[in-house]
Amino acid sequence: MKHKFLFAIAFVFSTAGLAAQTNLFVAADGSAQFTSVQPAIMSVPSGSRENPVVIHIKPGTYKELIYLQREKRFFKLVGDDATNTVLTFNLYAGITNAEGKPIGTFKTPSTTIDADDFTAENLTFENSAGAVGQALAIRVDGDRATFRNCRFLGWQDTILLNRGRQYFENCFVAGAVDFIFGAATAWFENCEIRALGNGYLTAASTPIDQPFGFVFSNCKITGETSPTKTFLGRPWRIYASTIFLNCQMSAVVRPEGWNDWKKPETHTTARYAEFNSRGAGASPTNRVNWLKTLTKSDAAKITAQTVLGGADNWNPSLPSGPNKLNIEYGEAGGEKLLLDAHVPAAAVNQNRHGKFSVAVWHMRIKQ
């Protein structure tokens, strides 16, 4: 181990002004300061770019309603492994309230993210209600939210991206009906989207003045069983925008691809497009005639940066705060080597690319 720490010291260009970081720990087995996630969230008033709040969640199933309030910016939820770190609940739209009325779709999320600058890694977000109607695993109202190596499990309305901008990388999303829906702008990179039953992958409600809705790049569309058939999308609102770029589509995707939700006006208003769809579900000659097939030149202009950048030039490939944790940089003796790094605030704030100083302050073997 000694040579690894010497390597870390050699990597440190500057340790002056390292930002503080609030680290909280959650373990269902009682081995950490919190046994559930919501109390950990409530224990800190807010984070900041200079002092992000990182909540480390140990493996376990956490059955609780989670709500990240609007003022709690720069929070990060980090699990060890999405397959065994599960945030779940089981509300669904048909449950009745004290007045005997159904609670409705928008009161069903197991997790609600209302704050900006949120990050999640290595977690499962689940609604376990099953095939009982609308039941959200997660609702996101915050801007600049990033999800990496996460799973989202549900049936109908798994993910509501209500507003803002979101970035998903190496994620898994499962459901049957409208299970990615809403008015936000979102980029899905290298994700698997799995249809569990006949239905629709997306139901965007993109506003008319918003250039992009949902973009799926280098994703895989798969199905639970061979009889399952799904549409790529239907328009929750008539200016819905959904694009698939370089995606592999199994036979689960219907040949026509898209559905107008019995709204014929969407043939001229909806912004549905594909480029280089591949696999048994691509079926370009059978797609609806109101789909836009992008040229190579058109597709090249659609990048995560152009879709998500906005007025503040957000770049989700840069950390939302100055500290980047658990970066895998190599392997030794069959074990992964990790490091933590500090990116100077100027580089984050200005979305700088290329060379800038970084401080590496902790290196270790992944247990």
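The values are calculated or read from the model by the stated rules, or taken from the named source; none is laboratory data. Predicted model, so just to flag it, every value in this text is computed and none were measured. All Cβ positions, even for glycine, are placed from backbone atoms using ideal geometry, and neighbour counts span all protein chains on display. Each accessible area value is taken on the protein alone, full model and side chains, heavy atoms only, with ligands, DNA and RNA left out. Shrake-Rupley method; radii C 1.70, N 1.55, O 1.52, S 1.80 Å.
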* Asked: Quick one: length gained pulling Ser48 to Trp290 fully straight, 0.36 nm per residue minus the C-alpha distance?
  -> 82.6 nm
* Structure fact -> With all protein chains present, the stretch 69-225 has a carbon and sulfur share of its accessible area (1.4 Å probe) in percent of 46
* **Sites Glu71 and Ala332, calculated FRET efficiency, Cβ-Cβ separation with R0 35 Å, nearest 0.05** => 0.20
* Given 0.36 nm per residue, what is the gain on full extension from Ala311 to Thr269 after removing their alpha carbon distance, in nm? -> 12.6 nm
* Structure fact -> Pseudo-spin-label distance Asn276 to Leu318, built 7 Å along Cα→Cβ, given in nm, is 2.7
* To do: Net charge near Ala174: determine it from the other residues with C-beta under 12 Å of the C-beta of Ala174, scoring Lys and Arg +1 and Asp and Glu -1.
  => -1
* In what sequence, largest accessible area first, do Thr206, Thr269 appear using a 1.4 Å probe? -> Thr269, Thr206
